[in-house]
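Step one of this worksheet: look at the structure below.
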Amino acid sequence: QLSGGQRQRVGVARALAADPPVLLMDEPFGAVDPVVRERLQNEFLNLQATVRKTVLLVTHDIEEAVRMGDRIAVYGHGRIEQFDTPSAVLGTPATDYVARFVGADRGLKRLSVTGIEEDGLEQPPVARVDEPAGAAAARLRAAGARWAVVLNAGGELHGWVSAESLATAGDRDTVGDLARRMEAWVPLGAPLKQAFSEMLQHDAGWVAVVDGARFVGVLTPAKLHEALRRSVDAEARGVARDQVDFDSVADA
């Protein structure tokens, strides 16, 4: 009487109820449709954050391995080809077998395991909700900016406003009267893939990044590429991301 997804949930619950020191899961999400599969993965990750069990998960899906694992062991030709973090497996495959296994689009897959950091964001012009529209328009003209992020008195994200709408506003208009809803935003620490998805979904040239409700900056395509490059180079050199310097087309 249970659906496939419900049976999978029951199986996981029964395994956890025994309170084993190590949990072996062999293709646990392989027999369900993609929508249920993603939901089960999310539920399991949330549960794992609470119970903190050591789980050995077997899968043939590299995207599932990248999403679910803290470490990945790639098995092939009768031996472990590589055992490392998901970002290292994607960024610096140890063998040709691993490179073929993770695929030619491993750079895109790495977006899933590279988080957004505050020092990798741009700081655009900011306007306050209760600020006169004329004053905000003058500041944007001086900065040569076409838009500004709108914040409330507590520094929380309210929306955005264009320089054009500010320039044509009435004398008694405030920034809040002209502000538009911010559709594309992500939390600090979210994977770059989520930010990229928001850009595509909302046809946006950038996404706002918040820490709770506090606005911390915006992520542009150039900054997204830079964060990915830094992550790959940092992994290869064994250093922190902020210690990596490189030339980019945007700097030329």
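The values are calculated or read from the model by the stated rules, or taken from the named source; none is laboratory data. The shown structure was predicted, so the numbers you read here are calculated from the model rather than taken from an experiment. Backbone-built Cβ (ideal geometry, glycine too); neighbour counts: all protein chains shown. What goes into the accessible areas is simple: the full protein's heavy atoms, side chains included, and nothing from ligands, DNA or RNA. Shrake-Rupley method; radii C 1.70, N 1.55, O 1.52, S 1.80 Å.
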Task: Matching residues in segment 195-217 - criterion: being in contact (Cβ under 8 Å) with a residue 60 or more places away in the chain, of a type outside the set (Phe, Trp, Tyr) and farther than 13 Å from residue 159 by Cα - done: 195, 211, 216
Task: In segment 92-112, the residues that are touching a Lys or Arg at 6+ places or on another chain (Cβ under 8 Å) and among the aromatic types (Phe, Trp, Tyr) - done: none
- [ ] Mind listing just one residue for me: the one in segment 214-237 that is under 14 Å from the mean Cα position of the chain (by Cα) and modelled with pLDDT under 85 and, of those, least open to solvent (accessible area, probe 1.4 Å)?
- [x] 231
TODO: Could you give me the residue pairs with C-beta distances under 8 Å whose first residue belongs to segment 1-13 and is closer than 13 Å to residue 44 by Cβ, whose second residue is surrounded by 12 or more Cβ atoms within 10 Å (Cβ to Cβ) and of a type in the set (Lys, Arg) wherever it lies, and which are 6+ apart or on separate chains?
DONE: 5/39
Task: Residue within segment 76-94 that is at pLDDT 85 or above, touching a helix residue (DSSP H, G or I) at 6+ places or on another chain (Cβ under 7 Å), of a type outside the set (Phe, Trp, Tyr) and open to solvent by 90 Å² or more (accessible area, probe 1.4 Å) present - done: yes
- [ ] Go through (1) surrounded by 13 or more Cβ atoms within 10 Å (Cβ to Cβ); (2) closer than 24 Å to residue 193 by Cβ; (3) of a type outside the set (Asp, Glu) and name the single condition residue 34 misses.
- [x] (1)
